[in-house]
Amino acid sequence: MTSNPTDSPATPAARELIGALTGFGRGMLRPRRPDERLLSTITDAGLPSGDRTVTVSTMPQVPRSLPAGGLIEGAASAGAYATR
């Protein structure tokens, strides 16, 4: 993949797609363990007082293609954890 932002993303090879799907399947069956050290540093701030009322509106969504980097990221992450 080039660093030029105007170029379209590269099409992943079949091996990369299979690797990404394998990593996704592995993550679904056996997710990563929680990072206890990180979780112990987060303090619970509690809930704010409910003195305001808000309205939430949905925004229109448009379909777009998934860049190859987003698909391959799962395969790269799975490989990084396997080497530890």
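Each value in this text was obtained by applying a stated rule to the coordinates, not by laboratory testing. What you are looking at is a predicted structure, and each value in this text was computed from that prediction instead of being measured. Note that each Cβ is placed from the backbone with ideal geometry, even for glycine, and that neighbours are counted across all protein chains shown.
Please compute the modelled spin-label separation between residue 14 and residue 65, points set 7 Å along Cα→Cβ, answer in nm with one decimal.
2.0 nm
Could you calculate the contour length gain from residue 28 to residue 45, that is, 0.36 nm times the residue separation minus the distance between their Cα atoms, to one decimal place in nm?
Result for the pair: 3.1 nm of gain on full extension.
What is the packing order of peptides 56-62, 41-47, taking the mean over residues of other C-beta atoms within 10 Å and listing the highest first?
Put in order of decreasing packing, that is 41-47, 56-62.
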